Amino acid sequence: MNLKGEYILIKNSLIYDFFAHPMRIFFIYSGALGILGACVLGFRIGDFIELHQFIFLELFCASAFCGFLFTAVVDWTGFKGSLIPYSVAGFVLLNLALVAKFTGFDGRIFVAIFWLFLALCVLFWLILGKNYDNFALVFLLFTTALIEILALFYGLNSYALLHCYVAGIILIGFRVSITLGRAALDRKFGKENNQYIFIPNPILKNISLLFVILLTYATLFNLDPMTQGFISFGAGLVLLSKVAQWHHRELLSVHYTVIYYVLILGSGVLYSAFGLNLLFSAGFGLQILHGITIWTLLGFIFFIFNVSSLRHSGQIVLNLPFCGKMGLGFLFIAVISRVFLSDFWDSFYITIPAIFVGLVFLMFSGRYFIIYKNNPFTDDPK
């Protein structure tokens, strides 16, 4: 076989497709990390508390954000170059971090480099495409890198990192909600006949983003609990106010907008509860923060995995597979177990949440690997 034939063979391979379209490799890798993190926790492997935190909060989230941004930002900016070098570089950094952690070294140096790399890539594409409307993303990416760099010297402030991720989800979720609203209206009235558009309130998005960013820095610099409590309670109230814009029968007539609605509602309740807990020193902060981690962070990431994967696999009419709908139910069970039942039985604290979270990403990885394998990557249908 000549070199040209070998190149065609490689180009037509599954691994080429996955790295050429970063969403696919990084979403599947996130799923694998989710399974690994759940197994570490469920089977008490090594220093399982620290290890599962590193896998979920640092590697899993890094891979998830990378997969989305390496797909969405190049679409927003019209970048036409090959994404394979970027994908390979990011993938290598994450694996170096994982190997370093399992061999007794501090993998966070590679995680910090990864976030700097991701921030610079996004900044480069935005400047190249003269897209100045999404610079808040760059700020959040550099903030994440800052948290990881500080972790090298002072230890990880895991809850500052959590709130920073939630701020990113608010930004990304705003774009996703426009897609969901349009898809719901097209389904209700027919794509050709639909004369309506859905534009979520950008002011509420900006206010909720501001509150969560303030909470990120208040947590990072260890401000007093009262200050953090007022900020968190404010964030929760603004998140709760966002659900009102979905109170239309036409919008809530499909399953994916209902899922988004419930995710926002639960996030608002959890952030409000966390704020009240700090203000009144109720002593339930750790349980609520785990609820935010499972429901807001993992829930939104899992939901966006589903929506983005289907939109970029040729499915113009959104219809989440059974595993996508069941996965949110499993995450809800994990939240109830960890937040409300963990004081009654030790298994509700670790084992049951680990089982259900692991099942969520096992189902996702298996189902979407088949979808990726059987469907060519497509641009997001406008």
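Just want to confirm a number: the relative contact order over the range 1-155, from Cα pairs under 8 angstrom separated by 6+ residues, in percent.
Values: 154 pairs, mean separation 32.5, N = 155.
Computed value for the range 1-155: 21 percent relative contact order.
Cut-off 17 Å, label point 7 angstrom out along Cα-to-Cβ of residue 16: give me the residues of the range 360-379 whose amide nitrogen falls inside.
The answer is 373-378, whose backbone nitrogens lie closer than 17 Å to the label point.
If each of residue 50 and residue 175 carries a label point 7 Å out from its Cα toward its Cβ, how far apart are those two points in nm?
3.6 nm
Starting from the Cα gyration tensor of the range 157-382, multiply each eigenvalue by 5, take the square root, and state the resulting semi-axes largest first in whole Å.
Semi-axes (√(5λ), whole Å): 31, 22, 15.
For the pairs 325/373; 80/191; 80/205, flag any whose C-alpha to C-alpha distance is greater than 23 Å.
80/191; 80/205
Which aspartates and glutamates does residue 101 reach when only Cα atoms under 20 Å apart count, and residues fewer than 8 places away in its own chain are ignored?
Excluding near neighbours in sequence, the set is 47, 50, 58, 148.
Could you order the peptides 339-346, 257-264 from most to least packed, using the average number of other C-beta atoms within 10 Å per residue? Kindly include the intermediate steps, with their values, before the conclusion.
On the way: 339-346: 13.8, 257-264: 20.5.
By packing density, highest mean first, the sequence is 257-264, 339-346.
Helix hunt in the chain: which complete DSSP H runs extend at least 15 Å axially by C-alpha with mean Kyte-Doolittle at least -0.5?
Helix filter hits for the chain: 22-42, 61-77, 84-102, 108-128, 135-154, 158-189, 202-220, 225-241, 255-280, 299-311, 322-335, 351-374.
Using a Cα-Cα cut-off of under 19 Å, which aspartates and glutamates could be cross-linked to residue 242, ignoring same-chain neighbours fewer than 8 residues away?
Cα-Cα hits under 19 Å: 250.
Using only alpha carbon pairs under 8 Å that are at least six residues apart, calculate the relative contact order of the chain and give it in whole percent. The partial results should precede the final answer.
Working: 488 pairs, mean separation 61.2, N = 382.
Result for the chain is 16 percent.
Alpha carbon centre of the range 85-160 versus the range 309-324: separation in Å?
29 Å
Pull up all non-local amide H partners of residue 198: gap of 5 or more, or a different chain, and H-to-H distance under 5 Å with H placed in the peptide plane.
Amide H neighbours of residue 198, under 5 Å, 5+ apart: 182.
Can you sort 58, 148 so the residue with the fewest Cβ neighbours within 10 Å comes first?
148, 58
Projecting each Cα onto the charge dipole of the chain (Lys/Arg +1, Asp/Glu -1 at the beta carbon, about the Cα centre), which of 351, 51, 25 comes out farthest on the positive side?
25
Which of the peptides 151-162, 270-281 is most tightly packed, and how do the rest follow, judged by the mean count of other Cβ atoms within 10 Å per residue?
Output ranking for 151-162, 270-281: 270-281, 151-162.
Give the peptides 96-104, 236-244 in descending order of average Cβ contacts within 10 Å, highest first.
Descending packing order for the listed peptides: 236-244, 96-104.
Grab the beta carbon distance between residue 133 and residue 226, set R0 = 51 Å, and tell me the FRET efficiency rounded to 0.05.
Numbers: r = 35 Å, r/R0 = 0.69.
The formula returns an efficiency of 0.90 here.
For a quick size check, give me the Cα extents of the range 1-155 along its three principal axes, largest first, whole Å.
Principal-axis extents of the range 1-155 (Cα, largest first): 48, 45, 22 Å.
Taking only the alpha carbons of the range 205-298, what extent do you get along each of the three principal axes, in Å, biggest first?
Largest first, the range 205-298 extends 44, 25, 21 Å along its Cα principal axes.
Alpha carbon centre of the range 39-72 versus the range 262-286: separation in Å?
The distance from the Cα centre of the range 39-72 to that of the range 262-286 comes to 24 Å.
Is there a quick way to get the dipole size of the range 1-155? I mean about its Cα centre, with the Cβ of Lys and Arg at +1 and of Asp and Glu at -1; what is the value in debye to the nearest 20?
Approximately 320 debye in magnitude.
Residues with beta-carbon under 12 Å from that of residue 331, excluding residue 331: net charge, scoring Lys, Arg +1 and Asp, Glu -1?
Residues close to residue 331 contribute a combined charge of +2.
Return the label of the correct value of semi-axes √(5λ) of the Cα gyration tensor in Å, as calculated from the structure shown, out of [x] 30, 27, 21; [y] 43, 20, 18; [z] 46, 26, 21.
From the options [x] 30, 27, 21; [y] 43, 20, 18; [z] 46, 26, 21, the structure gives [x].
Each reported figure results from applying straightforward, stated rules to the coordinates on display, with no laboratory input. Because the structure is predicted, anything quoted here is derived from the model rather than measured. Glycine also receives a Cβ, built like all others from the backbone with ideal geometry; neighbour counts cover every protein chain displayed.
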